[in-house]
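One structure below.
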Amino acid sequence: MDEGGRWLGIYVIAYLIFLYLPVLLIPLFSINDSIQAAFPLQGFTLQWYATLLGNSALSSALLNSLVIGAIAATGATLCGITVSYMDLYGRSPLSATISAIARLPILIPGVIVGISLLILVNLIGLGPSRIAIVLGHILVALPTTVVIMRSRFAAIPKTIPEAALDLGASDWTTFRRVMLPLSLPAIISAFMLAFLISFDEFIVVFFLAGTEPTLPLYIWSQLRFPKSLPTVMALGTSILAVSFVIAGTAELVRHRGLGATRPSAK
Amino acid sequence: MSTIVAAQVPEVRSSSGFRIGMLLPGALVTFLLILFALALVIFLAFRANDGSLLGAGFTVANFITVVSDPLYWTVTLRSLVIAGLVTFATVVTAYPVAYYLAFHAGRRRSLLLFLVTLPFWTSYLLRVFAWKIVLAYNGVLNSALIESGVWSEPTLAFLNTPAAVVVTLAHAYAPFAILPIYVALDTIPKSLIEAASDLGARPFTSFRRVVLPNSMPGVLAAALVVFVPTVGDYVTPALVGGPASTMIGTLIQAQFGKANDWPFGAALSVAVMLVILCVVLVARATDRRFGSRA
């Protein structure tokens, strides 16, 4: 490897350290036997993890987040599939417009997404509630699912759905029996990413939550009390570990999907 | 079932039932949750606050306050400067990483891509909070500096400053910047770079005249993806910024919370969207300029 490449490699390593160092402080202080998050460390303990179990406010927030995440991810993935499919195969100005608007939330700060939905759910009589949060999270995850599904559908050679249609399959059959199975890895990774987005989301949920907080709202409420700090760290470490596993699985599934169809795409 | 009917007539490429079913979810979400909700914000911005949901009477008083009160100019300007600095810092530091990924990573590419995006999937609140631990009076940076003898007293100078907001946000949005730049660099045909060196361009010249202009669309996409969420952020200023770093998102949030003046909050939101629109248009124009050269 040339001189420039080696320096660049060193830079990348330094960059990764910058990226991970603050994040890794969370697991470090979650096993530190002190209320304060400061060096020197005070010795090893698992007591903060023990306080996590049997915390009913925490477990109901966790359950809330899991249910909302699953429903919002299903909605966002469904919209991502249909919007991008119609954008590529519908060949109508309407489907192209819908696809463009669906990616618009990238250009709207979360705080504005939050307040616009707050006004909307109050207007239709729903008010801040779990359904409101689901709607908000579908919106926040939508650009991601549309982009993933659109690039997947675009990578499937047009000759494949054409062959299905020529052989007499209806457009619904073509979609369900040909296009969906071919894009299954992308569907799974879109769902997982949408779930993670919803699970971590705070900015929008802050406006839309009723009496049932999600996990990030619970964490936010705990950050005000210095005493509960180590418990929050333990919780954060647990979330981190699970997120790593889900993100890793999503990545593996996506790569397997790309590897399986890449030769046929050429 | 319409399936059977359609199957008997192969010429019919798309039945209307299929089209409607496929368009419905997206149409509902985009028209109701995005367009209608944004229209509500714009509508509310022109109403007077009377405590009711949609206000009363039409007025431009909200916008007059936004424009005439120096507080909003200061805070908007501060948000733009902080978001601008964060965008600049993330894009400039991310570019070499994206460059390495595109041209030097080889077999380690997918592992590296995974490592770079991984922190993005950990709790945003906790990533921001981690910086509070680093920068606090009894925090990691202070105790490390004292342990190593650089300072004898801990300093308050790190936390609750706009600089803390910039560092924290730059860290939180780093992966957003790498991916678009990487994709842009990766799609530059290698023959283009070879042609430059065959024609006698030195590595730096070929980078400056060939690689950099061709990667500009990715750089601008990265800049937008970082700029938009940072300009409206209210969590990071609240956790690590202190009162001197109040941003426009904080003010909008307050109007829908403690201040309870929704129409005014809506007007502030409209102002922010207009500012972002201007930034997007400038970015588009820059993109086109570089695009035509490429």
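Points to keep in mind about this one:
- Computed from the C-beta positions of A:V242 and B:L28, the FRET efficiency with R₀ = 25 Å rounds to 0.20.
- If R0 is taken as 30 Å, the Cβ-Cβ distance between B:L80 and A:L126 corresponds to a FRET efficiency of 0.30.
- Subtracting the Cα-Cα distance of B:L53 and B:V92 from their residue separation scaled by 0.36 nm leaves 9.6 nm.
- Estimated from helices alone, the mean residue ellipticity of chain B at 222 nm is -21000 deg cm²/dmol (sum of -39500 (n - 2.57) over DSSP H runs with n ≥ 4, per residue).
- Applied to the stretch B:263-277, the Karplus parametrisation 6.51 cos²θ - 1.76 cosθ + 1.60 on θ = phi - 60° returns per-residue 3J(HN,Hα) values of x, 5, x, 5, 4, 4, 4, 4, 4, 4, 5, 5, 4, 5, 4 Hz, with x for Gly and Pro.
- B:F63-B:L156 pseudo-label distance in nm [points 7 Å out on the Cα-to-Cβ vector]: 4.3 nm
- GNM flexibility winner over chain B from B:V219, B:V75, B:V210 (Cα, springs under 10 Å): B:V210
- Efficiency of FRET from Cβ geometry, A:T159 and A:Q47, R₀ 56 Å, rounded to 0.05: 0.35
- The length gained by stretching the chain between B:L111 and B:L212 to full extension, at 0.36 nm per residue less their Cα-Cα distance, is 33.9 nm.
- Summing Cβ point charges (Lys, Arg +1; Asp, Glu -1) relative to the Cα centre of chain A gives a dipole of roughly 380 debye.
- Computed from backbone phi with θ = phi - 60° and the Karplus coefficients 6.51, -1.76 and 1.60, the 3J(HN,Hα) list for the stretch B:27-34 is 5, 4, 5, 6, 7, 7, 7, 9 Hz; x is used for glycine and proline.
- Put simply, the amide H of B:R47, placed in the peptide plane, has neighbours under 5 Å in B:T59, leaving out anything fewer than 5 places away on its chain.
- Here each label is just a point 7 Å from Cα along the line to Cβ, and for B:K258 and B:V280 those points are 3.2 nm apart.
- A crude spin-label estimate for the pair A:L28 and B:R288, with each label 7 Å from Cα along the Cβ direction, gives 5.0 nm.
- What the phi angles of the stretch B:101-109 give under the Karplus curve with 6.51, -1.76 and 1.60, with θ = phi - 60°, is a coupling list of 4, 6, 10, 10, 5, x, 6, 7, 4 Hz, glycine and proline written as x.
- Sequence-distant residues sharing a close amide H with A:Q42 (under 5 Å, placed H): A:D33
Here, each number is a calculation from the coordinates, and none is a lab measurement. Keep in mind the model is a prediction, meaning the values are calculated, not measured. Cβ atoms come from the backbone with ideal geometry, glycine included; neighbour counts cover every protein chain shown.
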